[in-house]
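Down below is the structure, laid out as structure tokens.
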Amino acid sequence: PRLDEMYNSFDFESVAKNVLPADAWAYYSSGSDDEITMRENHNAFHRIWLRPRVMVDVAKIDMSTHMLGTKVAIPLYITATALGKLGHPDGEKVLTRAAAKRNVIQMIPTLASCSFDEIVDTCADNQTQWLQLYVNSDRAVTKKFVEHAEKRGIKGLFITADAPQLGRREKDMRQKYSQDAPDEMDNETVQRDEGAARAISSFIDPSLNWKDVAWFKSITKMPIIIKGVQSAEDAVIAWKLGCAGVVLSNHGGRQLDFAPSAVEILPEVIDALKREGCDPKKDFDVYIDGGIRRGSDIFKAVALGAKGVGIGRPFLFAMSGYGDKGVERLIELYQNELEMCMRLMGAPTIADIKPEMVDIRNLKDH
Ligand code: FNR
């Protein structure tokens, strides 16, 4: 189909399934084990209903907001997903260029197909990027990478905490991964017979723990955000240790199957933080990712206290089918959907989106 016939994020998924080689489709689309968490990530939004207000002046809608000090067009960012070249020859650079055009932030993955510098060099003037970090068992390697990222102007360090061991994504494992691993990877240690994910991830340090936060703070001035928090308890620890925020995430349902969806735990996380005297609107950023597919999903997340949302697979699918233009179009669709949702909800700005605008009575009812 032509790009102007793509009406929502699901359309891009259908196209990607048709155009991607089997190994790429398996790597991008898979979740772990029975994929219960992966499906639940989007389904959880179906249990949140809206409580619209009418007779509000909604002639102008402003959905811009700030994330870690950067003004963005819409409260979403392109989250880190490894191996961009499986979907497009330009890999992550496609996402970089589209993010610049539409004024959103891209989080660069440690396991990008393009080199880190190549991606940063693709930036437009004043474009903000974040870095997703997998911590290497050899901390000297990690230190060098973090210092380099800071020097190159990265504005947020997102340390992935939900992958001390890679989940078993069986669709992916059935494909014998043959592509070249990213440049920095040690070819001797990769396990090529177990799917793309396992082939590239053997260096990740399973001993990473809360004590390491102090070390990260000693080597960088970048704000530190823990990605992959899945409970109120851990969000509170991150806050107490001086992190700048957390991403509530279960890695797109690719790690622990039966982990809860981020949006389901968002209300209890916000409550727990407030009980500790933290103001999640000011002092500490709570992001969520996983299953965000509609503008109304973004609205619900913001209503429940998220600063913004990360979106993964839909951007990979848009990039795979249509390159730069596809990613730009998908951001535009999210903007159109969120704009309409805000207008029909009687919330002309992000600050007007309030918790009482969502009905979460059934959220826990699976
Ligand atoms: C991911 N994700 C991920 N996260 C991370 O911290 N480091 C990584 O290298 C990757 N790689 C990766 C590859 C692919 C193909 C996917 C789909 C996901 C997880 C990602 O950042 C995010 O948590 C989810 O993608 C969000 O869910 P949705 O939007 O894909 O449903």
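Order these peptides, 329-341, 292-304, by their mean beta-carbon neighbour count within 10 angstrom, highest first.
Numbers: 329-341: 19.9, 292-304: 24.5.
Averaged packing, sorted descending, gives the order 292-304, 329-341.
Considering the chain as a Gaussian network with a 10 Å cut-off on Cα pairs, which listed residue, 351, 259, 73, attains the greatest mean-square fluctuation?
Checking each option, the largest mean-square fluctuation is seen for 351.
Kindly identify the stretch 93-162 as rounded, prolate or oblate by the Cα gyration tensor criterion: order the square roots of the eigenvalues as a ≥ b ≥ c, call it rounded if a/c is under 1.5, otherwise compare a/b with b/c, prolate if a/b is larger, else oblate. Walk me through the numbers before you get to the answer.
Numbers: a/c = 2.03, a/b = 1.84, b/c = 1.10.
It is prolate, given that a/c is not under 1.5 and a/b is the larger ratio.
If you wrap a convex hull around the alpha carbons of the chain, what volume per residue comes out, as a whole number of Å³? Please report the intermediate quantities before stating the final value.
Numbers: hull volume 46.4 nm³, N = 366.
Convex hull volume per residue, Cα atoms: 127 Å³.
Under 18 Å Cα-Cα from residue 240, which aspartates and glutamates qualify once same-chain neighbours fewer than 8 residues away are excluded?
Here the aspartates and glutamates satisfying the reach criterion relative to residue 240 are 212, 268, 271, 276, 279, 283, 285.
Residues with amide H under 5 Å of residue 137's amide H, sequence separation 5 or more or different chain, H placed in the peptide plane at 1.01 Å from N; which?
Hits under the 5 Å cutoff: 205.
Provide the percentage of antiparallel DSSP beta bridges, counting only those with both residues in the chain; round to the nearest 5. Write down the numbers at each step before the final one.
Values: 6 of 33 bridges.
Bridges in the chain that DSSP calls antiparallel: roughly 20 percent.
Quick check on my link table: of 143/217; 85/325; 151/227; 85/155; 274/307, which ones sit more than 20 Å apart, alpha carbon to alpha carbon? Walk me through the numbers before you get to the answer.
Numbers: 143/217 11 Å; 85/325 17 Å; 151/227 22 Å; 85/155 24 Å; 274/307 15 Å.
Those over the limit are 151/227; 85/155.
Using the Karplus curve 6.51 cos²θ - 1.76 cosθ + 1.60 with θ = phi - 60°, work out ³J(HN,Hα) for each residue of the stretch 240-251 in order, rounded to whole Hz, and write x for Gly and Pro.
5, 7, x, 5, 7, x, 9, 10, 6, 6, 10, 6
Only Cα pairs within less than 10 Å get springs; with that Gaussian network setup on the chain, which residue of 147, 264, 276 has the largest fluctuation?
Its mean-square fluctuation being the largest, the pick is 276.
Whole-Hz ³J(HN,Hα) for each residue in the stretch 301-308, computed from phi via Karplus 6.51 cos²θ - 1.76 cosθ + 1.60 with θ = phi - 60°, x for glycine and proline: what do you get?
4, 5, 4, 8, x, 7, 6, x
Principal axis lengths of the stretch 273-358 from Cα atoms, whole Å, largest first?
Its Cα atoms span 46, 28, 17 Å along the three principal axes.
Name the residues whose placed amide hydrogens come within less than 5 Å of the amide hydrogen of residue 32, ignoring near sequence neighbours (fewer than 5 apart) on the same chain.
38, 254, 255
Fully extended, how many nm does the chain gain between residue 349 and residue 275 (0.36 nm per residue separation, minus their Cα-Cα distance)? Can you show the working numbers first?
Details: separation 74, 0.36 × 74 = 26.64 nm, distance 2.68 nm.
Result for the pair: 24.0 nm of gain on full extension.
Report the trypsin sites (Lys or Arg not before Pro) located in the stretch 1-79 that are in a DSSP loop and have at most 13 other Cβ atoms inside 10 Å of their Cβ, or state none. Show your work: numbers first, answer last.
On the way: sites: 2, 17, 39, 47, 53, 60, 71; in loops: 2, 47, 53, 60.
Qualifying residues, ordered by number: 2, 60.
In a GNM of the chain with a 10 Å cut-off on Cα contacts, which of 228, 31, 167 has the highest mean-square fluctuation?
Evaluated over the chain, the most mobile residue of the options is 167.
Take the solvent-accessible surface of the protein heavy atoms, probe 1.4 Å, and return the percent of it on the stretch 227-366 that carbon and sulfur atoms account for. Intermediate values should be presented prior to the final figure.
On the way: 2570 of 4920 Å².
Looking at the stretch 227-366 in its full context, I get 52 percent from C and S.
In whole Hz, what ³J(HN,Hα) sequence does the stretch 261-271 give by Karplus (6.51, -1.76, 1.60; θ = phi - 60°), x for Gly and Pro?
Karplus-based 3J(HN,Hα) across the stretch 261-271 equals 6, 4, 5, 5, 8, 3, x, 6, 5, 4, 4 Hz.
The values are calculated or read from the model by the stated rules, or taken from the named source; none is laboratory data. The structure presented is a predicted model; accordingly, all values stated were derived computationally and were not measured. A quick note on method: Cβ atoms are made from the backbone with ideal geometry, for glycine too, and the neighbour counts reach across all protein chains shown. Areas reflect the complete protein model, heavy atoms only, side chains present, ligands, DNA and RNA absent. Shrake-Rupley method; radii C 1.70, N 1.55, O 1.52, S 1.80 Å.
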